[in-house]
Amino acid sequence: MKENVIISERGQITLPSKLRKKLGLESGGVVTIEEREGELVIRPASVVEIDIYSDEEIERWMEEDTLTSSEKKAIYKKLGLSS
């Protein structure tokens, strides 16, 4: 689907309602925009909430960890991670 849009003085564009509905975009939704070889590519974005943990919280978790060394190694191996 090809549509023409107008860029406002503030650099804003309005996505046509047909495209918004087709892609499930609602007011306040987030999109990513990328310049690719002279073209702009706009895609719906996924927003993921991130928690940031303090060093103290991480240290407490390490102290409370009851897994043995061999159990940890088995988990790391299953996940394909190095211990």
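The values are calculated or read from the model by the stated rules, or taken from the named source; none is laboratory data. Model, not experiment: these values are computed from the prediction. So basically every Cβ, Gly included, is an ideal-geometry build from the backbone, and we count neighbours across all protein chains shown.
Overview of values
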quantity: Hits in the stretch 1-54 - residues which are among the polar types (S, T, N, Q) and touching a Lys or Arg at 6+ places or on another chain (Cβ under 7 Å); calculated: THR32
quantity: In the stretch 12-30, the residues that are closer than 18 Å to LYS2 by Cβ and surrounded by 10 or more Cβ atoms within 10 Å (Cβ to Cβ); calculated: ILE13, THR14, LEU15, PRO16, LYS18, LEU19, ARG20, LYS21, LYS22, LEU23, LEU25
quantity: All positions within the stretch 31-42 that are closer than 19 Å to LYS2 by Cβ and among the β-branched types (Val, Ile, Thr); calculated: VAL31, ILE33, VAL41, ILE42
quantity: Answer residue from the stretch 30-46, given it is under 24 Å from the mean Cα position of the chain (by Cα) and either of a type in the set (Gly, Ala, Ser) or assigned to a loop (DSSP other than H, G, I, E, B) (or both) and is modelled with the highest pLDDT among those; calculated: GLU37
quantity: Given (1) free of Cβ contacts under 8 Å to residues at least 12 places away in the same chain; (2) not in a helix (DSSP H, G or I), number of the condition LEU25 does not satisfy; calculated: (1)
quantity: Count of residues meeting criterion [touching a residue at least 12 places away in the same chain (Cβ under 8 Å) and either touching an Asp or Glu at 6+ places or on another chain (Cβ under 9 Å) or farther than 30 Å from LYS2 by Cα (or both)] in the stretch 43-77; calculated: 1
quantity: Matching option when the condition is among the acidic types (Asp, Glu), outside any strand (DSSP E or B) and surrounded by 10 or more Cβ atoms within 10 Å (Cβ to Cβ), among GLU71, GLU49; calculated: GLU71
